[in-house]
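The values are calculated or read from the model by the stated rules, or taken from the named source; none is laboratory data. Just so it is clear, the model here is predicted, and its values are computed rather than measured. Cβ placement follows ideal geometry from the backbone for every residue including glycine, while neighbour counts extend to all protein chains displayed. What goes into the accessible areas is simple: the full protein's heavy atoms, side chains included, and nothing from ligands, DNA or RNA. Shrake-Rupley method; radii C 1.70, N 1.55, O 1.52, S 1.80 Å.
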Amino acid sequence: MSPTSRPSSISRRAFLRNTSAAALATSLPPSLIAAAPFKSSFRVAVISDEISQDFDHACSVIANDFGLEWVEIRAMWGKNISKFDDVDIAKANAILDKYKLRVTDIASPLFKTDFPGAPRSKSSPVVDHAQDTHGASFAFKEQDELLDKCIALARQFKTDRIRCFDFWRLDDQAPYREAINAKLLEAANKAGKEKLLLLLENEFECNTATARESAKTLAAVQSPHLMLNWDPGNAVARGEADAFPTGFNLLPTNRIGHCHVKCAVLKPQTKSGFEWAAVGQGLPDWTAQFRALKQAGYRQAVSLETHWTGGGSPEASSRTSWSGMKEALEKSDA
């Protein structure tokens, strides 16, 4: 055997070390094997409470199982983030550091309330301001204080974006639309002075629900500090079946500052008129929507907001929807 063909002890040791590591990895349960980092031109995220109210567990799933670096925060430990105290904030930040996750935005309930002087909305909670679906309870008179709280939270969680709404949906919003827009402008300008952005979500139970309504609101509120939290699933839920591509093409894409990812299926025969679906099993076509966002130059967050509960549990449902979202993201690059 020539010197060049003789196996070295170093090579043998490396072989044994790699073999042992491989054997150990295959013996670990899947939950302890971290997924490879998911690469995307977007900031791919998940709203943590769509997985679990246990923030540590939700972050573990997002970082280790999904391979993501971003999270959207709305509620944890059964508490809406807008009601967090310093102890809650410190605990949450320690968990974010543990999993090396960054926060896309503060998913606040700002302006998810009745507009003063208007008729009671059919979407308003049954008990006045008792709660919405994420543990928030703020009357109109508390909204300015809530905005101040959200500005502080944005600083504490190192994000420059705060999600908001434009009040529970009215059957006829025309008499109040100018005043609603004025309130949005006032809040956006206040956020802008703090070098923050306000993200108006098109919410199916609020006054701006569809792509067409979003385009009108953005045209009326001419502030660089107000951007759209585009949610085509919500638009579909409000009955806008062509939210993508037709509705999307009406939007000023330079004013999209955040994007929620979920799917809906129209069910005209039901009371609500729709049902939530796993991503990839309803509208919109997320492969095409992701591709259109990229072509428009959008590089901010695309955040999974599962809503669908058909998986049997929030976590199982979110895992199924993440699988569909991941596939759509990968296909959009093809």
For the chain, take the longest principal axis of its alpha carbons; what is the angle in degrees between that and the long axis of helix 174-193, to the nearest 10 within 0 to 90? 50 degrees
Pull up the DSSP beta bridges for the chain and report the antiparallel fraction as a percent, rounded to 5. 25 percent
Signed unit charges on C-beta, dipole axis of the chain, positive-most listed residue 309, 164, 36: 36
Between the range 57-97 and the range 99-127, how far is it from one alpha carbon centroid to the other, in angstrom? 19 Å
For residue 200, residues with placed amide H under 5 Å, excluding near neighbours: 164, 227, 228, 229
Among (i) 22.5, 94; (ii) 19.8, 56; (iii) 20.4, 76, the value of Rg and Dmax of the Cα atoms in Å computed for this structure carries the label (i)
When only C-alpha pairs under 8 Å and at least 6 residues apart count, what is the relative contact order of the chain, in percent? 14 percent
Is there a quick way to get the dipole size of the range 151-250? I mean about its Cα centre, with the Cβ of Lys and Arg at +1 and of Asp and Glu at -1; what is the value in debye to the nearest 20? 540 debye
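Can you give the accessible area per residue of the range 274-334, in Å², using a 1.4 Å probe?
Details: 2610 Å² over 61 residues.
Per-residue value: 43 Å².
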What is the magnitude of the charge dipole of the range 208-334 about its Cα centre, with +1 placed on the Cβ of each Lys and Arg, -1 on the Cβ of each Asp and Glu, and no other charges, expressed in debye to the nearest 20? 180 debye
So, with a 1.4 angstrom probe, what is the percent of accessible area on the chain that is carbon and sulfur? 54 percent
Rounded if a/c is under 1.5, else prolate if a/b beats b/c, else oblate: with a ≥ b ≥ c from the C-alpha gyration tensor eigenvalues square-rooted, which is the range 158-311? oblate
Between the alpha-carbon centers of the range 297-316 and the range 213-285, tell me the distance in whole angstrom. 15 Å
Let me know the charge dipole size of the chain about its Cα centre in debye, to the nearest 20, where only the beta-carbon of Lys, Arg (+1) and Asp, Glu (-1) is charged. 1340 debye
antiparallel share of DSSP beta bridges within the range 228-334, to nearest 5, in %, is 45 percent
Would you work out which of 249, 176, 208 lies farthest towards the positive end of the dipole of the range 137-258? Charges go on Cβ: Lys and Arg +1, Asp and Glu -1. 249
When the solvent-accessible surface of protein heavy atoms is calculated with a 1.4 angstrom probe, in what order do 102, 169, 43 fall, highest first? 102, 43, 169
